[in-house]
Amino acid sequence: MPRPLDGVTVVSLEHAIAAPFCTRQLADLGARVIKVERPGVGDFARAYDDRANGLSSHFVWVNRSKESLALDLKQPAALQVLMDLLARADVLVQNLAPGAAARMGLSYAELSARHPRLVVCDISGYGNDGPYRDKKAYDLLIQSEAGFLSVTGTPEEPSKSGNSIADIAAGMYAYSSVLAALLQRQQTGRGSHVDVSMLESLGEWMGFPMYYAYDGAEPPPRSGASHATIYPYGPFEAGDGKTVMLGLQNEREWKVFCEKVLVQPALAADPRFDANARRNANRAALKEIILAAFRALSAEEVIARLEDAQIANAHVNTVGEMWSHPQLRARGRFRQVGSPAGEIEALLPPGVNSSFDYRMDPIPGVGEHTQGILRELGRGDGEIASLRAAGAI
């Protein structure tokens, strides 16, 4: 079956996570993604670790189904190869250092004059203008600037997200913005410029705590793995030392929880706990009551009671346990993809679509597709050899 982006060519000057995550999702939908990398070393994320069969976990995650073109863009001949490629492309995505793309003649203003149908997506820490435009931006720094650390962690110490949440947010908005730009091009015949900042992307995801602290109000407190404003909603240890995550959303569930899970129906009317605001204010006392009830039970017995009461709950899994998660396995959500290190298992993209299968092609080696792309652009053996000898590819 044809995929939604079959026939669309994306050129990406990318590294780390934000841009590669955007373009991998475009590749999932069928786009041809040509990843421009530095000759020899490639995307620096290739060297972050060697946990995935000797390959970097970060790189394996966000770079399947791409072609790797090795170019030293400081050399005019290599830059000309890129320019020739852009003449045939639909989308350029880049997350180079601030101003680097523009210095190479890759600003939207310059490119759109020559290629009016080209969509150009710039991903940066703070956006293409403003006083922070040239400030270096890494994921943890943006988590700090966006206030994420102020609401994450324990009362004693803030904590970062366990994954690259600012990069992921920016990659998601770049992905959806490119899709929107391609749809708009169908109506207008022209490409457009997309300026995605990590700060604004994570800022959007901070909407609830921002409004909670609106107009000088107190922000939500850091509350570890528990919900900051709803209680009980968080982790509770059972008698076997394992932890169960549970969450109540309303007063009906609170009464059922007291009756069927704690087996203390009278607790529902306790004036300390008979509304969420009071449960939240007295969470230390309520936590002790819940833990005392759970000490006589194993984690599975607690979950059985919660299921019987139709109270939302979850196992507190490790990331390693996700590879064998029974729900993911039952739904067939894993595929084998090729790589320079052999076959590697990969999680299918979210969203089962009845009309097409996601593209799940190999993870490329550095410069693996360089020669084929150069031939496609009309370079002969002699010119390719000269480029290689000069270190341009």
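The values are calculated or read from the model by the stated rules, or taken from the named source; none is laboratory data. A quick note: this is a predicted structure, and the numbers were derived from the prediction, not measured. Reconstructed Cβ throughout: ideal geometry from the backbone, glycine too, with neighbour counts over all protein chains shown.
Structural remarks
- Checking Gly247, Gly216, Gly239 one by one, the residue that is more than 29 Å from the chain's Cα centre (by Cα) and either within 24 Å of Pro158 (Cα to Cα) or among the basic types (Lys, Arg) (or both) is Gly216 and no other.
- A single entry from Ser65, Ser112, Ser124, Ser57 fulfils the requirement of being on the phi > 0 side of the Ramachandran plot and modelled with pLDDT of 95 or more: Ser65.
- Restricting Ala19, Ala52, Ala27 to those that are touching a residue at least 24 places away in the same chain (Cβ under 8 Å), out of contact with any helix residue (DSSP H, G or I) (no Cβ under 8 Å at 6 or more places or on another chain) and hydrophobic (A, V, I, L, M, F, W, C) reduces the list to Ala27.
- Matching entry among Glu200, Glu251, Glu157 (being at pLDDT below 95 and either closer than 23 Å to Asn128 by Cα or of a type in the set (D, E, K, R) (or both)): Glu157
- Subset of the stretch 31-60 [under 24 Å from Asn163 (Cα atoms), small (Gly, Ala, Ser) and either touching an Asp or Glu at 6+ places or on another chain (Cβ under 7 Å) or surrounded by 14 or more Cβ atoms within 10 Å (Cβ to Cβ) (or both)]: Gly42, Ala45, Ala52, Ser56, Ser57
- Selection from the stretch 308-335 of residues that are of a type outside the set (D, E, K, R), in a loop (DSSP other than H, G, I, E, B) and touching a strand residue (DSSP E or B) at 6+ places or on another chain (Cβ under 7 Å): Ile311, Val316
- Within the stretch 163-204, considering residues that are part of a helix (DSSP H, G or I) and of a type in the set (S, T, N, Q), the one nearest to Arg114 (Cα to Cα): Thr188
- You will find that of Arg103, Arg64, Arg88, Arg117, the residue that is touching a Pro at 6+ places or on another chain (Cβ under 7 Å) and assigned by TED's automatic domain parsing to the domain that holds Gly380 is Arg64 and no other.
- Matching residues, the stretch 273-307, being farther than 14 Å from Leu248 by Cβ and part of a loop (DSSP other than H, G, I, E, B): Asn282, Arg295, Ala296, Leu297, Ser298
- Of the residues in the stretch 334-346, at least one is closer than 30 Å to Leu246 by Cβ and either among the hydroxyl-bearing types (Ser, Thr, Tyr) or not assigned by TED's automatic domain parsing to the domain that holds Pro76 (or both).
- Boolean, Tyr132 is under 25 Å from Gln25 (Cβ atoms), in a loop (DSSP other than H, G, I, E, B) and not acidic (Asp, Glu): no
- For Ala77: the one exception among (1) part of a helix (DSSP H, G or I); (2) in contact with a helix residue (DSSP H, G or I) (Cβ under 8 Å, 6 or more places away or on another chain); (3) crowded, with 22+ Cβ neighbours inside 10 Å: (3)
- Taking the conditions (1) surrounded by 14 or more Cβ atoms within 10 Å (Cβ to Cβ); (2) out of contact with any Leu (no Cβ under 6 Å at 6 or more places or on another chain) in turn, Gly191 satisfies each one other than (2).
- Any hit, the stretch 251-259, residues being touching a Gly at 6+ places or on another chain (Cβ under 6 Å), more than 30 Å from Leu348 (Cβ to Cβ) and either part of a helix (DSSP H, G or I) or not assigned by TED's automatic domain parsing to the domain that holds Ala52 (or both): no
- When Glu383, Glu345, Glu301 are checked against the criterion of being touching a residue at least 12 places away in the same chain (Cβ under 8 Å), surrounded by 13 or more Cβ atoms within 10 Å (Cβ to Cβ) and among the acidic types (Asp, Glu), a single residue qualifies: Glu301.
- Any hit, the stretch 205-218, residues being aliphatic (A, V, I, L, M) and not in a loop (DSSP other than H, G, I, E, B): yes
- Identity of the residue in the stretch 1-30, charged (D, E, K, R) and surrounded by fewer than 19 Cβ atoms within 10 Å (Cβ to Cβ), that ends up farthest from Gln186 (Cα to Cα): Arg3
- All of (1) assigned to a helix (DSSP H, G or I); (2) out of contact with any helix residue (DSSP H, G or I) (no Cβ under 9 Å at 6 or more places or on another chain); (3) farther than 30 Å from Phe356 by Cα hold for Val60 with one exception: (3).
- Boolean, Leu82 is closer than 18 Å to Thr9 by Cβ, assigned to a helix (DSSP H, G or I) and either of a type outside the set (Phe, Trp, Tyr) or at pLDDT 95 or above (or both): yes
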